[in-house]
Amino acid sequence: MSVAAPSLTTALKAEAARLGFTLSGVCAAIAPSGVQNFQQWLAAGYAGEMQYLPDRAAAYEHPRHVLDGVQSILMLGMDYRTAQPESPQPTQGRISRYAWGNDYHDLIRDRLNQLADFLRTQQPNCRVRGVIDTAPLLEREFAQLSGLGWIGKNTLLLNKQRGSWFFLAALLTDVPLDIDAPHQTDHCGTCTACLDACPTDAFVAPYVLDARKCISYLTIELRGAIPRELRAGVGDWLFGCDVCQDVCPWNHRAPPSAEVDFQPAAGANPLEIAELFALDEAGFRSRFRNSPLWRAKRRGMLRNAAIVLGNRPSDEAIEILRAGLQDIEPLVRGACAWALGQQRNACASGLLLDRFALEADESVRQEIHAALQAPNFDRA
């Protein structure tokens, strides 16, 4: 196949911009230099329970495992910064900005499909595939190769104009597109704001994240109980975490997104925790099925909600946890038991003692026992 004229690449980028992608750059489809670091990261166990990563480790070695015959990758960015975060009240929880609106996968996948169709009109026999963070592709590596920015100390891709408040996506094709110069400079300098601010000390070193301690992992990917030693660090984060992005100096200049789907849904900035405990499985599905929050499922979100309430003791929290202590899910009851232990008053201890007499699940019984042993607990 002959090399495509630069005008095709220019037209493809123009179409991407029309579709809402604010960043675009092209790199050759080669083996990424960072794959060895990725393999070492996996070997260290930093992926935690995200078994899909080591299961597909070999596929990350070259983008041909995503699209056979691929020659070029058009890397894309779409802004998602919208409103400023509101400070939550004691019975409210924070949600990471990217999850305030509708599921970004749906919107970006549709835009990628439109962009792929455009390329097919220019190259009818081409092979093309669009992906958005679900394929075995080291997106940040290829984004840097495409000139979109550098990988910061918090492991996120940073752009001098847009910070890190954008989603990355990729369009892979067997068409040889015009290649952009890679981004060569790391502009983090001596700054360690992101490393210093992490509430759970999840950064092993600059550029190395232990996902097992990251609040985003704990509140989204982890399926079991959040380790006790990390619960206080979760603070008021109900789903995800933006701390390492909020403190990054490069994010202070990031422009707002115009995408309607990324604007905060009603009650998402922040979210009322009592409303979560009022939802059964069907109600949770109905409310969050088209939201990123669906990934944590009801049991995960209620577990997170209980941890948030435990970190912010109040009379209102006790009333919410009273209901949660009777939940059908042992994971939720256990988290509520811990949270009641943090209230440290006679009402909370009475609820725990009553539940202990009825509780059949051993993991929940252990949580109740540990909660009742909390120092300075005013026992009934």
Quick check on L158: is it over 19 Å from the mean Cα position of the chain (by Cα) and modelled with pLDDT of 95 or more?
no
Of the candidates G300, G310, the one satisfying the condition of being out of contact with any helix residue (DSSP H, G or I) (no Cβ under 6 Å at 6 or more places or on another chain), over 27 Å from N159 (Cβ atoms), open to solvent by less than 60 Å² (accessible area, probe 1.4 Å) and not aliphatic (A, V, I, L, M) is G300
Of the residues in region 323-354 that are surrounded by fewer than 20 Cβ atoms within 10 Å (Cβ to Cβ) and over 30 Å from the mean Cα position of the chain (by Cα), the one that is nearest to P227 (Cα to Cα) is R344
When every residue in region 199-231 that is of a type outside the set (A, V, I, L, M), assigned to a loop (DSSP other than H, G, I, E, B) and open to solvent by 50 Å² or more (accessible area, probe 1.4 Å) is compared, the one nearest to F288 (Cα to Cα) is R223
Counting only helices (runs of 4 or more DSSP H) entirely within region 1-64, those with at least 2 residues that are over 23 Å from A169 (Cβ atoms) are 35-43
L177: passes all of (1) buried (at least 21 other Cβ atoms within 10 Å of the Cβ); (2) under 29 Å from C214 (Cα atoms) but (2)
When region 181-198 is checked residue by residue, the ones that are over 25 Å from the mean Cα position of the chain (by Cα) and loosely packed, with under 14 Cβ neighbours inside 10 Å are A181, Q184, T185, G189, T190
Restricted to region 17-65 and to residues being hydroxyl-bearing (S, T, Y) and closer than 23 Å to H105 by Cβ, the residue most open to solvent (accessible area, probe 1.4 Å) is Y52
Within region 131-154, of all residues that are touching a helix residue (DSSP H, G or I) at 6+ places or on another chain (Cβ under 7 Å) and open to solvent by 30 Å² or more (accessible area, probe 1.4 Å), the one nearest to L53 (Cα to Cα) is D133
Of the candidates N345, N311, the one satisfying the condition of being farther than 14 Å from G93 by Cα and not basic (K, R) is N345
Residue within region 358-378 that is more than 24 Å from L279 (Cα to Cα), of a type in the set (K, R), at pLDDT 95 or above and open to solvent by 20 Å² or more (accessible area, probe 1.4 Å) present:
yes
- Could you tell me whether region 66-75 includes any residue that is of a type in the set (S, T, N, Q) and exposed (fewer than 12 other Cβ atoms within 10 Å of the Cβ)? no
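The values are calculated or read from the model by the stated rules, or taken from the named source; none is laboratory data. Not measured: the values here are computed from a predicted model. Every residue, glycine as well, gets a Cβ built from its backbone with ideal geometry; the counts of neighbours run over all protein chains shown. For accessibility, only protein heavy atoms count, side chains too; no ligands or nucleic acids. Shrake-Rupley method; radii C 1.70, N 1.55, O 1.52, S 1.80 Å.
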